[in-house]
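Here is the structure we will look at, set down as structure tokens.
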Amino acid sequence: MKTILVTGAAGMIGKAVVEMLLSKGYNVIATDKAPDPFGGNDNLSYIQCPVTDKDKITGILNGSKVDVLVHLACTVDNDFPSVLSSDEEKESAAVDKYLYKAAVTANVSDIIVMSTHQIYAPQKTREPIRESMTEKPSTIYAKLKADSEKALAAALKKSSVKGVIMRVCPIYTKDFTDNLKAKIYDPKDGCAFVYGYGDYGYTFTCLYNIVDFINGILTCPAGISYPGVYNVCDSKPIQAKEIVETLRNDHKIGAVMSRNYGSDAVKGAAALFGSKAAKTDYRYNDLSIACSNISYDNTKAQRISTFRWKFTNTK
């Protein structure tokens, strides 16, 4: 069975991925700067170290006959606070300068990397965003991930290693709702809000769709060409009113007010220009496009996975 190295294994995404890999019988080497959250498992080797520890990570790659690198470290969601600090920026930026080269040198067969939907340029139409569309990262997090994608491309240029980039929309589970709440909650007013009846939607990614997609890459039949960039996200946007109703039923939200989109859109557009929050807060809600129903097309990724998880059946 293959040996998989997972960075960022103690984060929300990493834990779910490692648990899936172990259930499938893979040998897993998990690394994270946090203590081991898994307990004992014969197929798991947990090494507590930051992914910036070049000597230790390179030593693992060179000494363990790793088949696949799943690089999840320096992602966001519940692993970082919503606003990225300069130290977190430096930590993320430092990693990919050596990691992909080290993996290629160690003769891994595949590298699977997590990136972000924020890499795409703002869309002026409601046409679903596909992997071929223009890239224009504007947030700090998006620029870090764009640089990571470029570093991977450079490392693979003269290599037979297969690279997969997952451009992931904001993540949720039944219990992790911070990204959902960010779209309908105004911290200044201290309450949730909707425009009109809340019939506009946002594209999110159920955590378990990411897990299934990674499993799909690892089990891809021989002869199928799978390297490349994928939008990894739910197949349908989640409406604002669905978020409100679900969080209210779970007692995770209080009062909800109705707001005027027109005035908020003007304020949002004005605030966005040169706004520090828009650049540093990856959960920033741009009110000027809140009702645009911008969606991301995961048709390409559906060749790898069924994307069976959605807002109504997540766990």
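Laboratory data are not the source of any read-out in this text; all were calculated from the coordinates shown. What you are looking at is a predicted structure, and each value in this text was computed from that prediction instead of being measured. Cβ sites come from the backbone with ideal geometry, for glycine too, and all protein chains shown count toward neighbours.
Once both labels are positioned 7 Å from their Cα atoms along Cα-to-Cβ, the gap between residue 130 and residue 64 label points is 3.9 nm. Principal-axis analysis of the Cα atoms of the chain puts helix 86-95 at an angle of about 40° to the longest axis. Packing around the peptides 229-240, 247-258, 6-17, taken as the average count of other Cβ atoms within 10 Å per residue, puts them in this order, highest first: 6-17, 229-240, 247-258.
How would segment 65-128 be classified by its alpha-carbon gyration tensor: rounded, prolate or oblate, with rounded meaning a/c under 1.5 and the a/b versus b/c comparison settling the rest? In terms of gyration-tensor shape, oblate.
Legend: calculated FRET efficiency, residue 121 to residue 43, from the Cβ-Cβ distance at R0 = 35 Å, rounded to 0.05, equals 0.25.
Taking θ as phi - 60° and the Karplus parameters 6.51, -1.76 and 1.60, the scalar couplings of segment 151-162 work out to 5, 5, 4, 5, 5, 8, 3, 10, 10, 8, 5, 9 Hz in sequence order, x denoting glycine and proline. Relative to the compact-globule estimate of 2.2 N^0.38 Å, the Cα radius of gyration of segment 113-174 comes out at 1.24. Computed packing ranks the peptides 89-100, 190-201 as 89-100, 190-201, most packed first, by mean other Cβ atoms within 10 Å.
Relative to the globular-protein estimate of 2.2 N^0.38 Å, the Cα radius of gyration of the chain stands at 1.00.
Principal-axis analysis of the Cα atoms of the chain puts helix 12-23 at an angle of about 50° to the longest axis. Mind checking segment 235-315 for chymotrypsin sites (Phe, Trp or Tyr not before Pro) that DSSP puts in a loop (not H, G, I, E or B) and that have at most 11 other Cβ atoms within 10 Å? Passing sites in segment 235-315 are 273.
In a DSSP loop and with at most 16 other Cβ atoms within 10 Å, the chymotrypsin sites (Phe, Trp or Tyr not before Pro) in segment 1-55 are 38. Estimated from helical segments only, the mean residue ellipticity of the chain at 222 nm is -9500 deg cm²/dmol, where each DSSP H run of four or more residues counts as -39500 (n - 2.57).
For the peptides 105-118, 172-185, the ranking by packing is 105-118, 172-185, with the highest mean count of neighbouring Cβ atoms within 10 Å listed first. Ranking 202, 173, 217 by how far each Cα lies toward the positive end of the dipole of segment 162-225 (charges on Cβ) leaves 217 at the top. Residue pairs exceeding 30 angstrom between C-alpha atoms, taken from 56/236; 157/183; 56/90; 33/267; 90/157; 101/143: 56/236; 157/183; 33/267. Checking Cβ-Cβ separations below 4.7 Å across the chain identifies 49, 74, 191, 206, 220, 291 as cysteines lacking any candidate disulfide partner.
Only Lys, Arg, Asp and Glu carry charge here, each on its Cβ (+1 for the first two, -1 for the last two); on that basis the chain has a dipole of about 660 debye about its Cα centre.
Here the extension length gained between residue 157 and residue 34 equals 41.0 nm, from 0.36 nm per residue of separation less the Cα-Cα distance.
Over all other residues within a Cβ to Cβ distance under 13 Å of residue 52, the charged ones net out to -3, with Lys and Arg as +1 and Asp and Glu as -1.
Its Cα centre serving as origin, segment 112-185 has a Cβ charge dipole (Lys and Arg +1, Asp and Glu -1) of approximately 160 debye.
Please report the base-10 log of the normalised intensity I(q)/I(0) for segment 93-222, using a Debye sum with one equal scatterer per alpha carbon and no solvent, at each q in 0.22 (1/Å). For segment 93-222 at q = 0.22 Å⁻¹, log10 I(q)/I(0) is -1.43. Could you work out the local net charge near residue 246, counting Lys and Arg as +1, Asp and Glu as -1, over the other residues with Cβ closer than 13 Å to its Cβ? That sum, taken over residues with Cβ under 13 Å, equals +3. A Förster distance of 22 Å, applied to the separation of the beta-carbon atoms of residue 315 and residue 255, puts the FRET efficiency at 0.20.
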